[in-house]
Amino acid sequence: MTPPAQASHGWDDRLTASFLAGDEKALAAAYREFAPLVHTLALRSLADASAADDVTQEVFIRVWRSRSTFNPDVARLPAWIVGITRNVITDAHSATAREVRKAHAVAGAGLAAGEVGAGSEAAEVLADRLMLDGELERLGEPQGSIMKLAFYEDLTHEQISRKLDLPLGTVKSHIRRSLTHLRSRLEVDHAAS
Amino acid sequence: MPHLDPEQLSLLALYDDWEDADGREHLNVCPECASDYAALRRTVDAVKTTPDSTSLSVPGPQVWAGIHRELGLADSVREDPLSGPGTKPAEAPAEAAPSNVAVFSPRKKAWWQRTGTWIAAAAAVVLVAGGGIWASMRPAQPPQPTQLAQAQLTPLAQYSASGSAKVVEAADGSRSLEVTLDKDEAKGYQEVWLIAPDLSRLVSLGVMASDSGTFQVPAGLQLADYPIVDVSDEPVDGNPGHSSVSIVRGTLTS
(Lines give C-alpha, C1' and ligand atoms only; values in the text may rest on other atoms or scores of the structure.)
Protein backbone atom coordinates (compact mmCIF):
# COMPACT_ATOMS: atom_id res chain seq x y z
CA MET A 1 0.00 0.00 0.00
CA THR A 2 1.56 3.21 -1.13
CA PRO A 3 -0.82 6.04 -0.41
CA PRO A 4 -0.50 8.95 -2.79
CA ALA A 5 0.20 11.28 0.09
CA GLN A 6 3.51 9.58 0.65
CA ALA A 7 4.83 10.84 -2.66
CA SER A 8 7.11 13.76 -2.05
CA HIS A 9 6.05 16.10 -4.79
CA GLY A 10 8.36 14.88 -7.44
CA TRP A 11 11.48 14.77 -5.33
CA ASP A 12 13.45 11.67 -6.16
CA ASP A 13 15.67 10.55 -3.30
CA ARG A 14 18.28 9.48 -5.81
CA LEU A 15 18.74 13.19 -6.44
CA THR A 16 19.60 13.56 -2.77
CA ALA A 17 22.61 11.31 -3.27
CA SER A 18 23.73 13.39 -6.26
CA PHE A 19 23.17 16.52 -4.25
CA LEU A 20 25.33 15.25 -1.40
CA ALA A 21 27.99 14.27 -3.90
CA GLY A 22 28.15 17.89 -5.03
CA ASP A 23 26.29 17.59 -8.32
CA GLU A 24 25.18 21.12 -9.20
CA LYS A 25 22.39 19.76 -11.37
CA ALA A 26 20.84 18.30 -8.24
CA LEU A 27 20.91 21.74 -6.65
CA ALA A 28 19.17 23.12 -9.73
CA ALA A 29 16.60 20.33 -9.45
CA ALA A 30 16.03 21.14 -5.77
CA TYR A 31 15.60 24.78 -6.69
CA ARG A 32 13.09 23.93 -9.40
CA GLU A 33 11.18 21.75 -6.97
CA PHE A 34 11.24 23.86 -3.83
CA ALA A 35 12.01 27.50 -4.72
CA PRO A 36 8.32 28.36 -5.17
CA LEU A 37 7.53 26.89 -1.75
CA VAL A 38 10.45 28.72 -0.12
CA HIS A 39 9.48 31.96 -1.85
CA THR A 40 5.84 31.67 -0.83
CA LEU A 41 6.68 30.92 2.80
CA ALA A 42 8.96 33.95 2.87
CA LEU A 43 6.42 36.16 1.18
CA ARG A 44 3.75 35.05 3.61
CA SER A 45 5.95 35.79 6.58
CA LEU A 46 7.67 38.97 5.44
CA ALA A 47 5.02 40.48 3.17
CA ASP A 48 7.70 41.94 0.93
CA ALA A 49 8.44 40.56 -2.51
CA SER A 50 12.09 41.55 -2.65
CA ALA A 51 12.64 40.25 0.89
CA ALA A 52 11.16 36.95 -0.29
CA ASP A 53 13.63 36.96 -3.20
CA ASP A 54 16.49 37.52 -0.76
CA VAL A 55 15.34 34.74 1.52
CA THR A 56 15.00 32.34 -1.39
CA GLN A 57 18.50 33.18 -2.55
CA GLU A 58 19.93 32.80 0.93
CA VAL A 59 18.17 29.48 1.54
CA PHE A 60 19.65 27.81 -1.51
CA ILE A 61 23.07 29.27 -0.88
CA ARG A 62 22.97 27.82 2.65
CA VAL A 63 21.54 24.55 1.41
CA TRP A 64 24.47 24.15 -0.95
CA ARG A 65 27.22 25.37 1.37
CA SER A 66 26.07 23.34 4.35
CA ARG A 67 25.14 20.18 2.50
CA SER A 68 27.82 18.24 4.33
CA THR A 69 25.85 18.73 7.56
CA PHE A 70 22.72 17.15 6.09
CA ASN A 71 22.06 13.69 7.47
CA PRO A 72 19.66 11.68 5.30
CA ASP A 73 19.07 9.27 8.17
CA VAL A 74 17.46 12.00 10.24
CA ALA A 75 15.26 13.71 7.68
CA ARG A 76 14.57 13.80 3.99
CA LEU A 77 16.09 16.60 1.96
CA PRO A 78 12.77 18.44 1.47
CA ALA A 79 12.22 18.62 5.23
CA TRP A 80 15.76 19.88 5.70
CA ILE A 81 15.20 22.62 3.14
CA VAL A 82 11.97 23.64 4.89
CA GLY A 83 13.86 23.83 8.19
CA ILE A 84 16.56 26.04 6.68
CA THR A 85 13.85 28.21 5.15
CA ARG A 86 12.31 28.77 8.57
CA ASN A 87 15.71 29.72 9.97
CA VAL A 88 16.46 32.20 7.21
CA ILE A 89 13.02 33.78 7.56
CA THR A 90 13.62 34.14 11.29
CA ASP A 91 16.98 35.76 10.62
CA ALA A 92 15.31 38.24 8.32
CA HIS A 93 12.82 39.00 11.06
CA SER A 94 15.37 39.65 13.75
CA ALA A 95 15.53 43.04 15.38
CA THR A 96 16.12 45.38 12.49
CA ALA A 97 13.69 43.48 10.38
CA ARG A 98 11.09 43.99 13.04
CA GLU A 99 11.63 47.70 12.77
CA VAL A 100 11.29 47.50 9.04
CA ARG A 101 7.98 45.76 9.37
CA LYS A 102 6.80 48.36 11.82
CA ALA A 103 7.88 50.99 9.34
CA HIS A 104 5.88 49.28 6.66
CA ALA A 105 2.92 49.06 8.94
CA VAL A 106 3.25 52.72 9.82
CA ALA A 107 3.75 53.81 6.27
CA GLY A 108 1.24 51.36 4.87
CA ALA A 109 3.98 50.23 2.53
CA GLY A 110 3.70 46.51 3.17
CA LEU A 111 1.72 44.25 0.94
CA ALA A 112 -1.90 43.97 1.88
CA ALA A 113 -2.95 40.56 3.11
CA GLY A 114 -4.65 39.78 -0.17
CA GLU A 115 -1.53 40.53 -2.16
CA VAL A 116 0.49 38.02 -0.25
CA GLY A 117 -1.27 35.48 -2.35
CA ALA A 118 -3.71 32.68 -2.21
CA GLY A 119 -0.82 30.26 -2.23
CA SER A 120 0.34 31.16 1.23
CA GLU A 121 -1.95 28.81 3.14
CA ALA A 122 -1.12 26.05 0.72
CA ALA A 123 2.56 26.76 1.29
CA GLU A 124 2.23 26.22 5.03
CA VAL A 125 0.38 22.96 4.55
CA LEU A 126 2.92 21.87 1.96
CA ALA A 127 5.78 22.74 4.29
CA ASP A 128 4.13 20.77 7.08
CA ARG A 129 3.60 17.88 4.71
CA LEU A 130 7.25 17.83 3.73
CA MET A 131 8.26 17.87 7.39
CA LEU A 132 6.12 14.82 8.07
CA ASP A 133 7.09 12.98 4.91
CA GLY A 134 8.39 9.57 5.86
CA GLU A 135 7.40 9.99 9.50
CA LEU A 136 4.66 7.35 9.29
CA GLU A 137 7.30 4.82 8.29
CA ARG A 138 9.39 5.89 11.23
CA LEU A 139 6.57 5.25 13.68
CA GLY A 140 7.22 1.53 13.53
CA GLU A 141 4.53 -1.15 13.74
CA PRO A 142 1.69 -1.44 14.38
CA GLN A 143 1.54 2.35 14.72
CA GLY A 144 2.44 2.97 11.06
CA SER A 145 -0.30 0.68 9.78
CA ILE A 146 -2.86 2.06 12.21
CA MET A 147 -2.19 5.63 11.17
CA LYS A 148 -2.16 4.82 7.45
CA LEU A 149 -5.54 3.13 7.76
CA ALA A 150 -6.88 6.11 9.68
CA PHE A 151 -5.38 8.76 7.43
CA TYR A 152 -5.68 7.28 3.98
CA GLU A 153 -8.54 4.81 4.20
CA ASP A 154 -10.59 6.80 6.67
CA LEU A 155 -11.18 3.76 8.81
CA THR A 156 -12.55 4.45 12.28
CA HIS A 157 -10.67 3.20 15.29
CA GLU A 158 -13.25 0.41 15.66
CA GLN A 159 -12.70 -0.71 12.05
CA ILE A 160 -8.93 -0.60 12.50
CA SER A 161 -9.25 -2.63 15.66
CA ARG A 162 -11.14 -5.34 13.80
CA LYS A 163 -8.97 -5.25 10.69
CA LEU A 164 -5.68 -5.54 12.57
CA ASP A 165 -7.16 -7.69 15.32
CA LEU A 166 -5.95 -5.37 18.04
CA PRO A 167 -7.84 -4.36 21.18
CA LEU A 168 -9.75 -1.10 20.74
CA GLY A 169 -7.94 0.50 23.67
CA THR A 170 -4.58 -0.32 22.09
CA VAL A 171 -5.61 1.27 18.81
CA LYS A 172 -6.83 4.42 20.55
CA SER A 173 -3.66 4.65 22.56
CA HIS A 174 -1.47 4.22 19.45
CA ILE A 175 -3.48 6.88 17.63
CA ARG A 176 -2.99 9.32 20.47
CA ARG A 177 0.73 8.70 20.84
CA SER A 178 1.37 8.74 17.08
CA LEU A 179 -0.51 11.98 16.58
CA THR A 180 1.36 13.52 19.48
CA HIS A 181 4.64 12.44 17.97
CA LEU A 182 3.79 13.86 14.53
CA ARG A 183 2.65 17.07 16.15
CA SER A 184 5.93 17.38 18.00
CA ARG A 185 7.82 17.01 14.72
CA LEU A 186 6.03 20.07 13.38
CA GLU A 187 6.49 22.03 16.57
CA VAL A 188 10.19 21.23 16.80
CA ASP A 189 10.50 22.54 13.27
CA HIS A 190 8.75 25.75 14.21
CA ALA A 191 10.63 26.16 17.44
CA ALA A 192 13.90 25.75 15.58
CA SER A 193 12.91 28.42 13.15
CA MET B 1 -16.65 19.92 32.66
CA PRO B 2 -13.16 18.47 33.00
CA HIS B 3 -10.70 18.68 30.10
CA LEU B 4 -11.06 16.24 27.28
CA ASP B 5 -9.25 12.98 27.56
CA PRO B 6 -6.17 13.02 25.28
CA GLU B 7 -7.43 9.98 23.36
CA GLN B 8 -10.77 11.62 22.86
CA LEU B 9 -9.04 14.77 21.63
CA SER B 10 -7.00 12.73 19.14
CA LEU B 11 -10.10 11.04 17.75
CA LEU B 12 -11.88 14.37 17.39
CA ALA B 13 -8.94 15.78 15.49
CA LEU B 14 -8.55 12.70 13.33
CA TYR B 15 -12.18 12.12 12.40
CA ASP B 16 -14.20 15.11 11.25
CA ASP B 17 -17.38 13.16 11.42
CA TRP B 18 -16.82 11.41 14.72
CA GLU B 19 -19.98 11.87 16.73
CA ASP B 20 -19.12 13.41 20.05
CA ALA B 21 -21.40 16.36 20.67
CA ASP B 22 -20.22 16.87 24.24
CA GLY B 23 -16.59 16.82 23.20
CA ARG B 24 -17.11 19.31 20.37
CA GLU B 25 -19.13 21.54 22.65
CA HIS B 26 -16.28 21.50 25.15
CA LEU B 27 -13.87 22.69 22.42
CA ASN B 28 -16.06 25.74 21.98
CA VAL B 29 -15.72 26.80 25.57
CA CYS B 30 -12.27 25.57 26.64
CA PRO B 31 -9.34 27.50 25.11
CA GLU B 32 -6.82 25.00 26.44
CA CYS B 33 -8.39 21.98 24.79
CA ALA B 34 -9.17 24.02 21.67
CA SER B 35 -5.50 24.90 21.34
CA ASP B 36 -4.43 21.28 21.65
CA TYR B 37 -7.12 20.32 19.19
CA ALA B 38 -5.92 22.95 16.70
CA ALA B 39 -2.35 21.65 16.86
CA LEU B 40 -3.48 18.07 16.33
CA ARG B 41 -5.79 19.17 13.55
CA ARG B 42 -2.93 20.90 11.78
CA THR B 43 -0.96 17.68 11.99
CA VAL B 44 -3.82 15.69 10.53
CA ASP B 45 -4.27 18.23 7.75
CA ALA B 46 -0.59 18.09 6.91
CA VAL B 47 -0.74 14.35 6.40
CA LYS B 48 -4.15 14.03 4.79
CA THR B 49 -4.66 16.92 2.44
CA THR B 50 -2.89 17.47 -0.82
CA PRO B 51 -2.10 21.16 -0.98
CA ASP B 52 -2.51 22.98 -4.23
CA SER B 53 0.99 23.93 -5.19
CA THR B 54 -0.03 25.69 -8.41
CA SER B 55 -0.79 28.91 -6.54
CA LEU B 56 2.70 29.29 -5.08
CA SER B 57 4.64 32.38 -6.00
CA VAL B 58 7.55 31.84 -8.35
CA PRO B 59 10.80 33.74 -7.79
CA GLY B 60 12.07 35.66 -10.81
CA PRO B 61 15.17 34.64 -12.79
CA GLN B 62 17.35 37.12 -10.90
CA VAL B 63 17.09 34.93 -7.80
CA TRP B 64 18.71 31.92 -9.42
CA ALA B 65 21.19 34.23 -11.16
CA GLY B 66 22.23 35.51 -7.73
CA ILE B 67 22.64 32.00 -6.36
CA HIS B 68 24.53 30.91 -9.43
CA ARG B 69 26.90 33.82 -9.10
CA GLU B 70 27.36 33.61 -5.34
CA LEU B 71 28.15 29.91 -5.42
CA GLY B 72 30.22 30.11 -8.60
CA LEU B 73 28.23 27.32 -10.27
CA ALA B 74 29.08 25.89 -13.65
CA ASP B 75 27.80 27.32 -16.91
CA SER B 76 25.78 24.17 -17.52
CA VAL B 77 23.39 25.12 -14.73
CA ARG B 78 23.23 28.82 -15.54
CA GLU B 79 19.69 28.77 -16.88
CA ASP B 80 16.97 29.44 -14.30
CA PRO B 81 15.68 25.97 -13.33
CA LEU B 82 12.20 27.43 -13.17
CA SER B 83 12.30 28.90 -16.66
CA GLY B 84 11.56 25.85 -18.78
CA PRO B 85 8.08 24.36 -18.99
CA GLY B 86 9.30 20.86 -18.34
CA THR B 87 12.16 19.01 -16.82
CA LYS B 88 15.50 19.82 -18.31
CA PRO B 89 17.44 16.76 -19.45
CA ALA B 90 19.99 15.72 -16.91
CA GLU B 91 22.77 16.00 -19.48
CA ALA B 92 22.04 19.00 -21.63
CA PRO B 93 24.18 19.08 -24.75
CA ALA B 94 26.75 21.83 -24.74
CA GLU B 95 25.18 23.67 -27.66
CA ALA B 96 21.93 23.95 -25.75
CA ALA B 97 23.48 26.48 -23.45
CA PRO B 98 22.45 30.03 -24.29
CA SER B 99 24.91 31.55 -26.70
CA ASN B 100 24.45 35.08 -25.48
CA VAL B 101 25.47 34.72 -21.89
CA ALA B 102 23.57 37.10 -19.72
CA VAL B 103 25.49 39.57 -17.65
CA PHE B 104 24.59 38.86 -14.08
CA SER B 105 24.28 41.64 -11.63
CA PRO B 106 26.15 41.16 -8.37
CA ARG B 107 24.29 39.35 -5.69
CA LYS B 108 21.59 41.70 -4.57
CA LYS B 109 22.03 43.36 -1.28
CA ALA B 110 19.88 41.88 1.39
CA TRP B 111 16.68 43.81 1.75
CA TRP B 112 17.60 45.27 5.12
CA GLN B 113 20.78 46.66 3.57
CA ARG B 114 19.05 48.61 0.83
CA THR B 115 18.89 52.31 1.31
CA GLY B 116 15.16 52.68 0.96
CA THR B 117 14.37 49.96 3.42
CA TRP B 118 17.02 51.21 5.75
CA ILE B 119 15.55 54.67 5.77
CA ALA B 120 12.20 53.10 6.54
CA ALA B 121 13.86 51.15 9.32
CA ALA B 122 15.44 54.26 10.72
CA ALA B 123 12.10 56.02 10.52
CA ALA B 124 10.51 53.16 12.40
CA VAL B 125 13.12 53.24 15.10
CA VAL B 126 12.47 56.91 15.59
CA LEU B 127 8.74 56.40 15.49
CA VAL B 128 8.77 53.48 17.82
CA ALA B 129 11.37 54.57 20.29
CA GLY B 130 11.02 58.29 20.07
CA GLY B 131 14.58 58.66 18.90
CA GLY B 132 16.24 57.30 21.97
CA ILE B 133 17.34 54.00 20.55
CA TRP B 134 18.55 55.51 17.34
CA ALA B 135 20.73 57.98 19.17
CA SER B 136 22.28 55.17 21.15
CA MET B 137 23.05 53.21 17.99
CA ARG B 138 25.48 55.80 16.69
CA PRO B 139 28.96 54.45 16.19
CA ALA B 140 31.19 54.52 19.20
CA GLN B 141 33.34 57.61 19.57
CA PRO B 142 37.15 57.63 19.25
CA PRO B 143 38.98 55.59 21.89
CA GLN B 144 39.78 56.85 25.37
CA PRO B 145 42.83 55.57 27.24
CA THR B 146 41.36 52.51 28.93
CA GLN B 147 37.65 52.08 28.69
CA LEU B 148 36.64 52.49 25.07
CA ALA B 149 32.94 51.77 25.22
CA GLN B 150 30.23 50.29 27.35
CA ALA B 151 26.76 48.90 26.91
CA GLN B 152 23.82 48.07 29.10
CA LEU B 153 22.60 44.60 28.27
CA THR B 154 18.86 44.10 28.46
CA PRO B 155 16.91 40.87 28.08
CA LEU B 156 15.07 39.79 24.97
CA ALA B 157 11.84 37.85 24.83
CA GLN B 158 11.57 34.91 27.21
CA TYR B 159 14.62 35.95 29.20
CA SER B 160 15.10 38.09 32.27
CA ALA B 161 18.89 38.31 32.61
CA SER B 162 20.50 41.71 32.34
CA GLY B 163 23.95 43.13 32.75
CA SER B 164 26.60 45.23 31.14
CA ALA B 165 29.53 45.04 28.78
CA LYS B 166 32.57 47.21 28.29
CA VAL B 167 35.46 47.32 25.90
CA VAL B 168 38.83 48.15 27.42
CA GLU B 169 42.15 48.74 25.76
CA ALA B 170 45.36 47.36 27.25
CA ALA B 171 48.67 49.17 27.15
CA ASP B 172 49.73 47.14 24.12
CA GLY B 173 46.67 48.33 22.23
CA SER B 174 44.79 45.04 22.40
CA ARG B 175 41.14 45.34 23.22
CA SER B 176 38.87 43.09 25.18
CA LEU B 177 35.18 42.93 25.82
CA GLU B 178 34.12 42.26 29.40
CA VAL B 179 30.61 40.93 29.81
CA THR B 180 28.81 40.62 33.11
CA LEU B 181 25.31 39.26 33.53
CA ASP B 182 23.29 38.73 36.67
CA LYS B 183 22.65 35.10 35.75
CA ASP B 184 23.27 32.45 33.11
CA GLU B 185 19.93 31.69 31.53
CA ALA B 186 21.07 29.68 28.51
CA LYS B 187 19.23 26.47 27.83
CA GLY B 188 22.24 25.43 25.75
CA TYR B 189 25.33 27.59 26.17
CA GLN B 190 26.00 31.31 25.97
CA GLU B 191 27.92 32.71 23.02
CA VAL B 192 29.05 36.32 22.81
CA TRP B 193 28.82 38.26 19.56
CA LEU B 194 29.48 41.70 18.16
CA ILE B 195 26.92 42.62 15.55
CA ALA B 196 26.60 45.33 12.92
CA PRO B 197 23.81 47.89 13.43
CA ASP B 198 21.79 46.48 10.57
CA LEU B 199 22.39 42.91 11.81
CA SER B 200 23.85 41.97 8.45
CA ARG B 201 27.25 40.95 9.83
CA LEU B 202 28.37 39.47 13.10
CA VAL B 203 31.54 38.29 14.77
CA SER B 204 31.61 35.54 17.38
CA LEU B 205 33.89 36.37 20.30
CA GLY B 206 33.47 33.10 22.12
CA VAL B 207 31.65 30.97 24.63
CA MET B 208 30.74 32.33 28.04
CA ALA B 209 30.38 29.47 30.47
CA SER B 210 29.26 31.44 33.51
CA ASP B 211 27.62 34.78 34.16
CA SER B 212 30.68 36.76 33.14
CA GLY B 213 33.59 36.57 30.76
CA THR B 214 36.32 38.52 28.98
CA PHE B 215 36.82 38.20 25.26
CA GLN B 216 39.53 39.46 22.93
CA VAL B 217 38.26 41.83 20.26
CA PRO B 218 39.98 41.01 16.96
CA ALA B 219 42.55 43.61 15.95
CA GLY B 220 41.26 45.68 13.09
CA LEU B 221 37.63 45.24 14.02
CA GLN B 222 36.01 48.66 14.13
CA LEU B 223 33.66 48.85 17.07
CA ALA B 224 31.67 51.41 15.15
CA ASP B 225 30.98 48.74 12.57
CA TYR B 226 29.91 46.18 15.19
CA PRO B 227 28.44 48.14 18.08
CA ILE B 228 25.83 45.63 19.23
CA VAL B 229 26.85 43.23 21.99
CA ASP B 230 24.74 40.11 21.93
CA VAL B 231 24.73 37.02 24.13
CA SER B 232 22.92 34.16 22.44
CA ASP B 233 21.53 30.89 23.66
CA GLU B 234 23.17 28.25 21.48
CA PRO B 235 22.10 24.62 21.28
CA VAL B 236 24.91 22.08 21.09
CA ASP B 237 24.10 21.23 17.50
CA GLY B 238 27.37 21.74 15.67
CA ASN B 239 25.98 24.71 13.78
CA PRO B 240 28.51 27.54 14.10
CA GLY B 241 26.00 30.25 13.23
CA HIS B 242 23.96 32.37 15.58
CA SER B 243 20.95 30.43 16.84
CA SER B 244 18.76 33.51 16.36
CA VAL B 245 17.89 33.21 20.04
CA SER B 246 19.37 36.11 21.97
CA ILE B 247 19.34 36.31 25.75
CA VAL B 248 20.50 39.90 26.14
CA ARG B 249 21.59 42.62 23.81
CA GLY B 250 22.93 46.15 24.10
CA THR B 251 24.66 48.81 22.04
CA LEU B 252 28.14 50.02 22.81
CA THR B 253 28.54 53.72 23.39
CA SER B 254 31.66 55.52 24.43
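So that you can scan it fast, the table gives a plain yes or no per residue for (1) open to solvent by less than 60 Å² (accessible area, probe 1.4 Å); (2) more than 19 Å from residue A:125 (Cβ to Cβ); (3) over 15 Å from the mean Cα position of the chain (by Cα):
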site: A:21; (1), (2), (3): no, yes, yes
site: A:36; (1), (2), (3): yes, no, no
site: A:40; (1), (2), (3): yes, no, no
site: A:50; (1), (2), (3): yes, yes, yes
**Asked** Taking only pairs six or more apart or across chains, which ones have beta-carbon atoms under 8 Å, a first residue in segment B:229-250 that is closer than 21 Å to residue B:176 by Cβ, and a second residue that is open to solvent by less than 50 Å² (accessible area, probe 1.4 Å) and of a type in the set (Lys, Arg)?
**Response** B:229/B:249; B:230/B:249; B:231/B:249
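The rows are residues; the columns are (1) within 11 Å of another protein chain (Cβ to nearest Cβ); (2) touching a residue at least 24 places away in the same chain (Cβ under 8 Å); (3) over 30 Å from residue A:31 (Cα atoms).
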position: B:4; (1), (2), (3): no, yes, yes
position: B:25; (1), (2), (3): no, no, yes
position: B:58; (1), (2), (3): yes, yes, no
position: B:64; (1), (2), (3): yes, no, no
position: B:71; (1), (2), (3): yes, no, no
**Request:** Kindly check whether there is at least one residue in segment A:87-95 that is assigned to a helix (DSSP H, G or I), within 30 Å of residue B:233 (Cβ to Cβ) and modelled with pLDDT under 80.
**Result:** yes
**Message:** Can you pull out every residue in segment A:149-177 that is open to solvent by less than 60 Å² (accessible area, probe 1.4 Å), more than 20 Å from residue B:17 (Cα to Cα) and part of a loop (DSSP other than H, G, I, E, B)?
**Reply:** A:166
**Message:** Being modelled with pLDDT under 85 and of a type in the set (Lys, Arg) is the requirement here; does residue A:32 meet it?
**Reply:** no
**Request:** Working only within segment B:12-23, note down all residues that are facing another protein chain (nearest Cβ under 9 Å) and within 37 Å of the chain's Cα centre (by Cα).
**Result:** B:13, B:14
**Prompt:** Looking at residue A:84, is it farther than 20 Å from residue B:78 by Cα, at pLDDT below 90 and not assigned by TED's automatic domain parsing to the domain that holds residue A:146?
**Reply:** no
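The values are calculated or read from the model by the stated rules, or taken from the named source; none is laboratory data. What you see is a predicted model; the values in this text were computed from it and never measured. Note that we place each Cβ from the backbone using ideal geometry, even for glycine, and neighbour counts take in every protein chain shown. Ligands, DNA and RNA are excluded from the accessible area calculation, which covers all protein heavy atoms including side chains. Shrake-Rupley method; radii C 1.70, N 1.55, O 1.52, S 1.80 Å.
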